[in-house]
Amino acid sequence: MTNDKPLKNVMRSATFVIWSSLTLGLAGNGVAQERSWEFALTLNAYNSGYDEVMVSPDNGALLDATGNSFIALAPQLAITFRARQDLRLPLFLTVQGCLPLMTSKGSEVEHATNTDGTGGITYKTEATHNETLGRGVLGVEILPFLQPYVAVERSQLSSRRTGQLDGNDQGQFVPDANQDYTESVVSTELGFGIQGTAPLTINGDIRIRYDFGYLIPQTVSVSNTSFDAASFGQGTTGYTFGGRVQLDLPFILFNPFTDHDGYWTIGATFSKRHWNGDGRLGRTTSSDGQPSQTLLWPDNTMVKAGGFIGIGLFF
């Protein structure tokens, strides 16, 4: 009988080396990603589509408001710290913020479907949708393409509507009494996701990166300048899911970028945010001389799709 203990020891050593390389070394697949800090600045552009559905408290008609606006420029800064070099831990922490700067107006129209089957346009207006957000991510680098994380996000979605015209039973449109008002939704969301890197070259300076996540609202506060100053919509449930895919390429035109493995990037983003319209608090309103009623913030959805370009550095 032969002694295979040395062979087993060699196999164990080889397995350990391979696993260590995957979790610590190849998590970046290149010299650049072995550094602890990464700074990335991207310029985003995307279209925001909005849909709100509610039932009229006056006559039970189904009201469906749909619209969109285009965000032409929304800079986003992301800073990432990877702990595998300094702390010998396969962890990473990312903080990022996005602030829309240029937004073009889009049209929004609300259709009514009455219980008797008739219907029409109740109002039409111009709308802009801006979302300012901050985000924190804590994740684990298991494999280059498998890096799960938890995330917390704070956002303010402001929808401004101007030039509103209201429809009447004669099919005509008359200016609304309030021609300029803004609805703001401030929310804190908690969720999880997964991101990863797929190198296209040996040293990883050309790579594809992805990030997909799912968020659940923890706090929600809604206000609308068209109504009283009180907030409503608290306790509303919902979800947000989305992601991004990007291609990184070397950027070596200037020494600072060359010395810090600079790259430029191009990619696409998509997200869907939905509110169920089941908040515990509503707003008080009255119309046509009817008694005041308490209305909940209605069911609504926002879908964003677009792209970005940017640059990044490692330190």
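Each value in this text was obtained by applying a stated rule to the coordinates, not by laboratory testing. The model shown is predicted, which means the values in this text are computed figures rather than measured ones. Cβ atoms come from the backbone with ideal geometry, glycine included; neighbour counts cover every protein chain shown.
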Using distinct alpha-carbon pairs, which all enter the 1/r mean, Kirkwood radius of region 62-206 in Å: 19.1
Phi-based couplings in Hz for region 103-119 (Karplus 6.51, -1.76, 1.60; Gly and Pro marked x): 10, 9, 6, x, 8, 9, 9, 10, 9, 10, 10, 6, 5, 8, x, 7, x
Ile309-Leu138 FRET efficiency (beta carbon distance; Förster radius 30 Å; 0.05 resolution): 0.65
Rounded Å value of the spacing that divides the Cα centres of region 139-177 and region 194-209: 32
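Can you tell me the FRET efficiency between Asn276 and Leu249 if r is taken as the Cβ-Cβ distance and R0 is 35 Å, rounded to the nearest 0.05?
Numbers: r = 42 Å, r/R0 = 1.19.
After rounding to 0.05, the efficiency reads 0.25.
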P(r) histogram, all alpha-carbon pairs of region 165-238 included - 5 Å bins from 0, percent: 3, 11, 12, 10, 10, 10, 9, 9, 8, 7, 5, 4, 1, 1
Principal axis dimensions, region 56-125 - Cα atoms, whole angstrom, descending: 69, 27, 16
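First select every other residue whose beta carbon is under 14 angstrom from the beta carbon of Ala74; then total the charges, Lys and Arg +1, Asp and Glu -1.
+2
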Separation in nanometres of the label points that stand 7 Å from Cα toward Cβ, at Ser226 and Val109: 1.7
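What FRET efficiency do you get for Arg88 and Ile216 if R0 is 25 Å and r is their Cβ-Cβ distance, rounded to the nearest 0.05?
Details: r = 33 Å, r/R0 = 1.32.
With a Förster radius of 25 Å, E is 0.15.
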Inter-label distance, nm, simple model (7 Å from Cα along the C-beta direction), Arg35/Asp58: 6.2
For region 133-197: Kirkwood Rh in Å [reciprocal of mean 1/r, alpha carbons]: 15.6
Inter-label distance for Val150 and Ala177, nm, one decimal - labels placed 7 Å from Cα along Cα-to-Cβ: 4.9
Rg ratio (alpha-carbon, reference 2.2 N^0.38 Å) - region 38-85: 2.12
